[in-house]
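Have a look at the structure below before the remarks.
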Amino acid sequence: MPIAMVVGVLLCRPLAKLEAVTEHTLTPMLIAAMLFITFCRVDIRQMRLHISHLWMLLIQFVGAVAVYYAVTPLLGETVGQGAMICVMAPIAMAAVVIGGMLGGNVTTMVTYSLVCNLATALIAPYMLHAFGNGSCTFMEIISRVAPTLIAPFVVAQLCRLLVPKFAAWFAAHSSLSFYLWLFSLILVMGRTTAFILDTEADILVEIELALVALVLCIAQFSAGRLLGRHTGDVVATTQSVGQKNTIFAIWLSLNFLNPIASIAPTAYIVWQNLTNSWQMWKHERANKR
């Protein structure tokens with residue numbers, strides 16, 4: 001993963017052009033394919049709501065408001081919005097893949113992904129009305145989520161029902177999803193780097209947004225880990241709380257907040273993938289032992 005991140009940074013301009021040529025559809029297609037492979041492992045009959053899902057939603061939405069009011073008086077409105085969106089963003093699409101590789105309960109994470117994104121579509125417009133320009137709607141959010149989350153889930157469940165051998169093959173080769181994620185990570189890092197280079201903002205504000213994102217990344221992964229110790233699945237809650245859908249958060253920032261605030265979720269991409277790299281290295285080392 002660190003190598004993929006470096007490659008994305010070094011090739012930021014060609015990758016940004018590639019994304020522009022494909023009208024920014026390449027990354028969502030990769031994520032949808034990646035999730036389809038993972039969802040082939042999930043039996044819909046085993047999906048259950050859990051008390052941990054409620055706690056994670058409270059961390060997401062109550063935490064976002066608390067962070068906004070804590071940061072804004074100290075660092076200003078723009079940094080406050082950036083901090084808020086780093087907490088309010090729903091669980092990352094790739095969190096299920098990474099969590100599964102780390103030994104987490106995939107079914108629990110898939111259930112939370114669906115619940116979390118639906119809750120975000122319902123609640124985020126009100127929060128953006130209070131702290132942003134207020135023009136966001138439920139349908140705008142669902143239209144962003146459905147192609148990359150809901151559609152792969154529905155197709156995977158239909159495959160399990162109608163062509164079980166086909167779905168079973170993907171379930172048995174679920175590691176393929178990780179390599180798709182690596183390629184999408186290269187693209188995301190390329191777009192991220194190009195965006196930062198082209199952003200005209202005060203350098204001090206950019207540094208503040210990046211540092212706030214770092215603090216929130218550590219805090220959210222830590223909160224998820226602490227919650228997991230009480231609910232029995234540390235990996236699932238750690239990934240669900242800490243790993244954010246930063247592409248979606250950047251889109252929200254650019255369209256419904258001060259666009260400069262999008263630097264915070266942009267920086268969060270780097271911090272959360274460095275964190276996941278360390279977690280995967282530690283998990284692999286433990287398995288070898």
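Values in this text are rule-based calculations from the coordinates and carry no lab data. The structure displayed is predicted, hence computed values, not measured ones. For neighbour counting, all protein chains shown are included, and Cβ atoms are generated from backbone atoms with ideal geometry for every residue, glycine included.
With Cα atoms as the point set, the chain shows a radius of gyration and Dmax of 18.1, 57 Å.
Against the main long axis of the alpha-carbon atoms of the chain, helix 106-131 sits at an angle near 20°. The mean sequence separation of alpha-carbon pairs under 8 Å and at least six residues apart, normalised by the residue count of the chain, gives a relative contact order of 33 percent.
Available extension along the chain between Met47 and Arg289 is 83.8 nm, counting 0.36 nm per residue and deducting the alpha carbon span.
What net charge is computed for the residues neighbouring Arg160, neighbours being all others with C-beta under 15 Å from the C-beta of Arg160, Lys and Arg scored +1, Asp and Glu -1?
For residues surrounding Arg160, the net value is +2.
Taking every DSSP helix (H) stretch of at least 4 residues in the chain, weighting each as -39,500 (n - 2.57) and dividing the sum by the residue count yields a mean residue ellipticity at 222 nm of -26000 deg cm²/dmol.
The base-10 log of I(q)/I(0) for the stretch 91-219, evaluated at q = 0.11, 0.12, 0.14 Å⁻¹, reads -0.58, -0.68, -0.91 [Debye formula, identical scatterers on Cα atoms, solvent excluded].
For every other residue with a beta carbon closer than 13 angstrom to the beta carbon of Gly76, add +1 if it is Lys or Arg and -1 if Asp or Glu, then tell me the sum.
Working: positive: none; negative: Glu77, Asp202, Glu206, Glu208.
Spelling it out: positives minus negatives among the neighbours equals -4.
Oblate is the label for the stretch 135-211, because the ratio a/c of its alpha-carbon gyration tensor axes (a ≥ b ≥ c) is 1.5 or higher and a/b is not greater than b/c. Could you state the angle between the C-alpha long axis of helix 77-88 and the longest principal axis of the C-alpha atoms of the chain, as a value from 0 to 90 degrees rounded to the nearest 10? The angle comes out near 10 degrees. If R₀ is 22 angstrom, what is the calculated FRET efficiency for the pair Leu226 and Leu176, using the beta carbon separation as r and rounding to 0.05? Between Leu226 and Leu176 the formula returns 0.10.
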